[in-house]
Amino acid sequence: MPPEAQPRYSFRPVVEADLPMIAGWLRQPHVAEWWDDAEDEIASIREHIDSISVEPLIVELNGKPIGYLQSYDPHLEDDHPYQDQPFGTLGLDLSIGKPELVGVGHGSALLRQFVEELFEEGTPRVIIDPDPANTRAIRAYEKAGFRAFDTRTSVYGSALMMAIDADDWNEDA
């Protein structure tokens, strides 16, 4: 997607009424392949609606929900496997819910916008941890400016650790 054609996204907190929509997205084959059981995930998202460690968000394009994004602070969760990251680091998880919007540039564009907003708020580093087999997500994250720095196996499974640092942020990435 050329920079001049990139849409602006909005990010709003998840509310209880969003959970059935998110559950539907989690059951879509392109999402279900990479996320745990939809009911387990919905229970976790419900718990995080008022959490201080995880911020569950609905991504909207032109006022219409298109995906789920959550940011989390690994330093606020007991025994989180990414606590070795610099203090202030935030992690992200993303799913584009609507299958017709996958593979057309929305993932990288909305991540760039969201990361830019986090950096403006003072976040020093943003990480994301796709499954190493999820090549579609990895390409989108690279287009957004994330760079691989490690491969890990944790309670969450196998992960390619990717990061963007505020000091290295480049509008042309």
Over the Cα atoms of the chain, what Rg and Dmax result, in angstrom? 15.1, 43
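Please state, to two decimals, what the Cα-based radius of gyration of region 29-77 comes to when divided by 2.2 N^0.38 Å (N = residues).
After normalising by residue count via 2.2 N^0.38 Å, the value is 1.26.
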List every residue whose amide H lies under 5 Å from the amide H of M161, counting only residues 5 or more places away in sequence or on a different chain, with H placed 1.01 Å from N in the peptide plane. F149, D150, T151, R152
Per the helix-only calculation at 222 nm, which mean residue ellipticity applies to the chain, given -39500 (n - 2.57) for every DSSP H run of n ≥ 4 and division by its residues, nearest 500 deg cm²/dmol? -8000 deg cm²/dmol
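Every number in this text was worked out from the coordinates using simple rules, so none of it is lab data. Keep in mind that what you see is a predicted model, and the values were worked out from it rather than measured.
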